[in-house]
């Protein structure tokens with residue numbers, strides 16, 4: 001029997017970069033098509049996170065921490081396509 005070629009495992013950070021790129025492209029697409037009336041639901045976003053950011057003043061330096069996540073249909077589709085492309089490669 002011929003040996004089966006074992007697929008090498010890609011580093012996890014490549015998947016993270018590809019997911020972020022897919023989300024960014026989905027966001028750009030949502031902003032572009034959201035201007036059309038019949039495609040407006042694609043661009044409707046839901047945002048959640050810490051608002052206003054938490055600030056810690058230590059007199060020597062100040063630390064400000066905050067995170068907001070924005071999701072819409074196009075961003076989710078972009079992430080799914082990015083994961084599919086990552087798995088296909």
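Computed on the chain, with alpha-carbon pairs under 8 angstrom and 6+ residues apart, the relative contact order is 35 percent. Axis angle, to the nearest 10 degrees, between helix 12-33 and the longest C-alpha principal axis of the chain: 60 degrees. Working note: Cα gyration tensor of the chain, eigenvalues times five, square-rooted, sorted largest first, giving semi-axes of 34, 26, 8 Å.
All of the numbers you see were taken from the coordinates with simple rules; none came from a lab. Treat the numbers as computed from the prediction; the structure is a model and nothing was measured.
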